1. Would you calculate the volume per residue, in Å³, of the smallest convex hull containing every Cα atom of the range 99-192?
2. Under 18 Å Cα-Cα from LYS157, which aspartates and glutamates qualify once same-chain neighbours fewer than 8 residues away are excluded?
3. I'd like the distance between the alpha-carbon centres of the range 52-74 and the range 252-267, rounded to an integer number of Å.
4. Give, in nm to one decimal, the length gained when the segment between VAL76 and LEU190 is fully stretched (0.36 nm per residue of separation minus the Cα-Cα distance).
5. Order SER104, SER4, SER199, most accessible first, counting only protein heavy atoms with a 1.4 angstrom probe.
6. Normalising by the residue count of the range 130-229, find the relative contact order in percent from Cα pairs under 8 Å and 6+ residues apart.
7. Could you tell me the calculated FRET efficiency between THR221 and LYS157, based on Cβ-Cβ distance and R0 = 35 angstrom, to the nearest 0.05?
8. So, for the range 165-219, what is the accessible surface per residue at a probe of 1.4 Å, expressed in square angstrom?
Amino acid sequence: MNFSALLTIIATLFLLMACGFFARKRGIIDDVASKKLSTLIVKIGQPMMIVSALVEAEFSYRNLKDGFIAIALGLVLHTIMAVIAFFACKGFRNMDERKITEFSLVFTNVGFIGFPIMEALFGPKGLFLASFYVISFHLFMWSWGMAIIARKRSDIKLTVRKVFVNLGSVPCLIGILLYMAVIPFPSFALPAFIVKFLSYLSGLCTPISVLITGALLATRTPRQIFGSGKIYYFSALKLVVIPLAICLLGKVVGLPDDMVLFCTVEAALPAAATITMFSELYGLDAGYASQTVGTSSLLSVGTLPLVLLLAEWIVQLW
């Protein structure tokens, strides 16, 4: 695995977050801009990122099989993390903080940060598997994730239709259908301008989402950011305990070593920036959400390489 490429990407994301932080301090990004940008990413950028990742992947039946394995593993991983998160957050008295922490423990930044990191560590194969893994992320996020946010809220209705027809599931379905279109139509290919269009919109996601996180982080005091025991409790679980538990579990059940490492990396990524945007959209404590994302992103600079080294040591034990 390419650790130098990993560190380069993490450093780049840190600088993007710093830009968002100072943009907020200078008044370039305000509350209105932050909410509008969040809406842009959730409703346009993120769906296009899903479709783009799948249509640009090379088709083969072996890849298709590996892709569906990645989806299945993702559903299992999210279920495990959901159980851990539910019990880990039962002691939180503030409902907003409980919801945000629980959501952030379950959902990692598999797309905005995960895509470049998986490509850096595992090459094109890692990016391909990550593009299928993100399907499980969205299926779970728009069902269980929205159930977390809707808890004790009469104004947020979670219906069967919303679980299966949403801004995550529909792009996933479109992407899979386009990816598999070469089976009945061997010469099928999207026009180059459509592929480029999807790629451009997809490219908005990482920089804007990280800028928003940095901007929201600027609304908190240094004491709130670095002096909260809850944030360190969350970060320890998120960045170290859960990924190493996933690594051990994967090894025990007999997953191939490369898939054990793949799952460990996915679990070790910082909190999904989606929670800051959802908090903006649904009136949760967006400042606290930015703490979970911002602090876990900052700490992941050190924890992610460490967890990967420990994971490689674990998979070599037997």
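The values are calculated or read from the model by the stated rules, or taken from the named source; none is laboratory data. Note that the coordinates shown come from a computational prediction; the quantities given were computed from them, not determined experimentally. Quick reminder, even Gly has a Cβ in these numbers, built from the backbone with ideal geometry, and neighbours come from all protein chains shown. We work out accessible area using only protein heavy atoms, side chains counted, and drop any ligands, DNA or RNA first. Shrake-Rupley method; radii C 1.70, N 1.55, O 1.52, S 1.80 Å.
1. Taking the convex hull of the Cα positions in the range 99-192, it is 129 Å³ per residue.
2. ASP96, GLU280
3. Computed from Cα coordinates, the inter-centre distance equals 17 Å.
4. Details: separation 114, 0.36 × 114 = 41.04 nm, distance 3.26 nm.
Gain in length upon complete extension: 37.8 nm.
5. SER4, SER199, SER104
6. With pairs under 8 Å counted, the relative contact order is 20 percent.
7. According to the calculation, E is roughly 0.50.
8. 49
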